[in-house]
Every structure is written in structure tokens, then in C-alpha cells.
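Here the structure is laid out as C-alpha cells; the discussion comes afterwards.
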Amino acid sequence: MYTFTFNDSSLAYSIYPAASRDSDGDGIHDEEEFNNGLNPLSRTDGAEDADGDSVGNAAEAVAGTSEIDPSSRLWLTPRTFDPSGRFSFAWERVSGRWYDEYYSTNLSSGQPLPSLTNLSGSGSLTVTDEVRSVQGRSYMVRLRKP
């Protein structure tokens, strides 16, 4: 699939692979928008939520989840404390994404501190906090496309 652009004034044209082009600038490649029934020329559908799962279409594109399947989502699964007191949680990674795990003891002041960065791959990943006393810690995972 390709995206074709034409300039009426100069009569110049361009052809791009739709998988690498975001014509409307909403954060979703044209091919993905077309395949999921979105409009590759409408910037507003990036903020919409086509599958009603409370995650916007553009955020789903970044996460690698489906804009049209409400069961497809990035979900952190808390585990329990192990016998030595360490806390762990897990999530399903999507190929072609990078993940950074952060923690904070006070989310209302300052930035969370990075714990693990540049995690990639696919499949389930369990992260364990090696600090034995994690009372009051909050965890966050940031994801990005490379």
C-alpha cells in the first residue's frame, strides 16, 4: 500500500510506502489507519477511541495494540511479594517497541527515577524490585517506538 501526494501548483507528485507515512500527523501510519477503518487524512481520529477501551487510537498505535479490539491493551500485572520481600510485576511486550520502567516514592514531587531502560523484545517480561522495602513505591512503564 502506498500514499500518493500531488501538488496542483508545481504538478509534482510523491509516492511513499503507507506503512511509513502519517499524512494527517495524528501519530498513526496511513496503512494502519486504512487497515483499521480510520481515516488517514483526518487528524481527529488519533484522539478518538475506536474500540471503547479508554485508550486513544494514537496511544494504541504507539503501544502496538489494536485500535479496534478492546481486549488488546498494554496491561501491567502486579505480582506478589516473594518470600524475601521483593515486589514484582509483569507485562506483555510488543515487538518493535522500547520500554522503560520507573519508580517513585512520591509521585506528587519530581520525576520518577529510571530503574530499567531500553527493554525490548516480545512476550511476557517480569520485573522485580531488588529493594526489600518497597512500601510507598509507585511504578510506571513508559513505552516508545525506536
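Among the listed residues Asp69, Asp100, Asp51, identify the single one that is surrounded by 16 or more Cβ atoms within 10 Å (Cβ to Cβ) and not assigned by TED's automatic domain parsing to the domain that holds Met140.
Going through Asp69, Asp100, Asp51 in turn, just one is surrounded by 16 or more Cβ atoms within 10 Å (Cβ to Cβ) and not assigned by TED's automatic domain parsing to the domain that holds Met140: Asp51.
Tally the residues that are hydroxyl-bearing (Ser, Thr, Tyr) and at pLDDT below 85, restricting the search to region 43-87.
Step one: list which residues in region 43-87 are hydroxyl-bearing (Ser, Thr, Tyr), which gives 44, 54, 65-66, 71-72, 77, 80, 84.
Going one step further and asking which of them are at pLDDT below 85, we end up with 77, 80, 84.
Final tally of qualifying residues: 3.
Which number in (1) closer than 30 Å to Asn35 by Cα; (2) free of Cβ contacts under 8 Å to residues at least 12 places away in the same chain; (3) not aliphatic (A, V, I, L, M) marks the one condition that Thr80 misses?
Single failed check for Thr80: (1).
Working only within region 7-25, note down all residues that are of a type in the set (Asp, Glu), more than 17 Å from the chain's Cα centre (by Cα) and surrounded by 12 or more Cβ atoms within 10 Å (Cβ to Cβ).
Asp24 - this is the single residue of region 7-25 that is of a type in the set (Asp, Glu), more than 17 Å from the chain's Cα centre (by Cα) and surrounded by 12 or more Cβ atoms within 10 Å (Cβ to Cβ).
Could you give every pair whose Cβ atoms fall below 6 Å, whose first residue belongs to region 120-139 and is loosely packed, with under 12 Cβ neighbours inside 10 Å and in a strand (DSSP E or B), and whose second residue is hydrophobic (A, V, I, L, M, F, W, C) and modelled with pLDDT of 75 or more, counting only separations of at least 6 or pairs across chains?
Filtered contacts from region 120-139: Ser124/Ala90; Thr126/Ala90.
Checking Ile68 against (1) closer than 17 Å to Leu143 by Cα; (2) among the aliphatic types (A, V, I, L, M); (3) assigned to a loop (DSSP other than H, G, I, E, B), which test does it fail?
(1)
Give the residue that is surrounded by the most Cβ atoms within 10 Å (Cβ to Cβ), with candidates limited to residues of region 26-48 that are in contact with a helix residue (DSSP H, G or I) (Cβ under 6 Å, 6 or more places away or on another chain) and in a loop (DSSP other than H, G, I, E, B).
Ile28
The values are calculated or read from the model by the stated rules, or taken from the named source; none is laboratory data. These figures come from a predicted structure and were not determined experimentally. Cβ sites come from the backbone with ideal geometry, for glycine too, and all protein chains shown count toward neighbours.
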